[in-house]
1. Of these, W347, W337, W365, which one is aromatic (F, W, Y), within 27 Å of Q218 (Cβ to Cβ) and either in contact with an Asp or Glu (Cβ under 8 Å, 6 or more places away or on another chain) or surrounded by 14 or more Cβ atoms within 10 Å (Cβ to Cβ) (or both)?
2. Given S209, S219, which one is more than 21 Å from I65 (Cα to Cα) and in contact (Cβ under 8 Å) with a residue 12 or more places away in the chain?
3. List the residue pairs whose Cβ atoms are under 7 Å apart, where the first residue sits in the stretch 110-126 and is on the phi < 0 side of the Ramachandran plot, the second is open to solvent by less than 50 Å² (accessible area, probe 1.4 Å) and not in a helix (DSSP H, G or I), and the two are 6 or more positions apart or on different chains.
4. Kindly indicate the residue of the stretch 81-119 that is surrounded by fewer than 21 Cβ atoms within 10 Å (Cβ to Cβ) and hydroxyl-bearing (S, T, Y) and also nearest to S11 (Cα to Cα) among those meeting that condition.
5. When you check S3 against the structure, is it modelled with pLDDT of 95 or more, farther than 18 Å from F267 by Cβ and surrounded by 12 or more Cβ atoms within 10 Å (Cβ to Cβ), yes or no?
6. Which of the residues that make up the stretch 305-329 are assigned to a helix (DSSP H, G or I) and surrounded by fewer than 20 Cβ atoms within 10 Å (Cβ to Cβ)?
7. Any idea how many residues of the stretch 278-304 are farther than 21 Å from T236 by Cβ and buried (at least 21 other Cβ atoms within 10 Å of the Cβ)?
Amino acid sequence: MRSLLTAAAISLAFTLFLTPVFLRLFRKWGWGQVIRTPEDIRNPSHAEKRGTPTMGGTIFIAGTIVGYLVGCFVGNNPPTISGMLVIWMMVGFGAVGFIDDYMKVRRQRSLGLSGWRKIVGQVIVTVPFGVTALNFPDASLQTPASPYISLFRDIPVLSFMAFGLVAGWVLYLLWITFIGVAWSNSTNVTDGLDGLAAGAGIFTIAAMSLITFWQFSQSCSAESLVAAYQPACYPTRDPLDLTIIAASFVSALVGFLWWQAPKAEVFMGDVGSMSIGGVIAAMSILSRTELLAVLVAGVFIIGPGSVILQRLYFRLTRGKRLFLMSPFHHHLEMRGWSEIQIVVRMWIIAGMLAVSGIGLFYVEWLSRT
């Protein structure tokens, strides 16, 4: 518990108090937000954000790592392979986003990496994660991830290895890659208004942190576990360490959100939004809640879902539009909603979905006891 509280406190203090220092450096380096020219932009109110420091995701990524490592040291709780895998996804996807952001800033254009190049970068990050996560068993022969599709826990009948070792590994890696790419791009599309992605990320990953903490308290390897609860125990590896890294990330986001309150003094950029997706993907895989994450992190599906629907409708109707503009939060802007209205209401939706996911997770545990 000491590790958890220390990690959260350090990460919060890091982003809350050191962000102004980073902003001075960002301005010195010329890391300002690039906005499309007025004649190309469909929402002129965004033009005033030109020049605001961007790539702020590097701040809460650094804050998360510092808080996590200090918390592990103070609590005499050495980092585990599971915690390091979450950091790998966070930093790896953040690096892909950083390259995209840097290209925009350097060229002073709103176009960075092409879509396919982003996906290639995400695959390069995700495949090593998947391979590592299915190795390094602990004393109980439990690996960080499992070759099963999971909902509240592994679903026994949905094993990739049922197709044979080679085919099983291929299918498993395709599944892990799909999860990583999907969540990374979803969070990237959602980031478009001041504080939207950061606030939604706080609700989502806080819920995942609560889930892994409950898994820790109901771990199958816990000697103090009541016999009546044994049938509902969780074989998740390193659930406490997953809780610590998730709490560090949430606290870092909270401190960062202080500086994103409209009008934002810094934008997280793709480096930040994609790192949020990396943490969601890693936490869902390592906590065995991959399908449940669709509900818990459902707010991040609204944006990309609206983009997909817009394109399908456009093709089917030969030029008509379902929304005034996509993603959906920009449609609401075009309908006259203020930015703060959209952000706060999306936070409310994120909170309700996160609580619903936790509730279903707990009900499933009750059904087994």
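1. W365
2. Of S209, S219, the one residue that is more than 21 Å from I65 (Cα to Cα) and in contact (Cβ under 8 Å) with a residue 12 or more places away in the chain is S219.
3. Close Cβ pairs satisfying both conditions: S110/V34; S110/I35.
4. Y102
5. Taking the combined requirement at face value, the residue does not satisfy it.
6. Taking the stretch 305-329 first, the residues assigned to a helix (DSSP H, G or I) are 305-316, 328-329.
Of everything in the stretch 305-329, those that are assigned to a helix (DSSP H, G or I) and surrounded by fewer than 20 Cβ atoms within 10 Å (Cβ to Cβ) turn out to be G305, V307, I308, L309, Q310, R311, L312, Y313, F314, R315, L316.
7. Residues that pass the stated criteria total 3.
Matching residues to (1) under 30 Å from E265 (Cβ atoms); (2) at pLDDT below 95:
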site	(1), (2)
F129	no, no
V166	no, no
Y172	no, no
G192	yes, yes
G199	yes, no
I202	yes, no
A206	yes, no
I211	no, no
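The values are calculated or read from the model by the stated rules, or taken from the named source; none is laboratory data. Bear in mind the structure is a predicted one, so any value in this text is a computation, not a measurement. So basically every Cβ, Gly included, is an ideal-geometry build from the backbone, and we count neighbours across all protein chains shown. Protein only, heavy atoms only, side chains kept; ligands, DNA and RNA dropped before computing areas. Shrake-Rupley method; radii C 1.70, N 1.55, O 1.52, S 1.80 Å.
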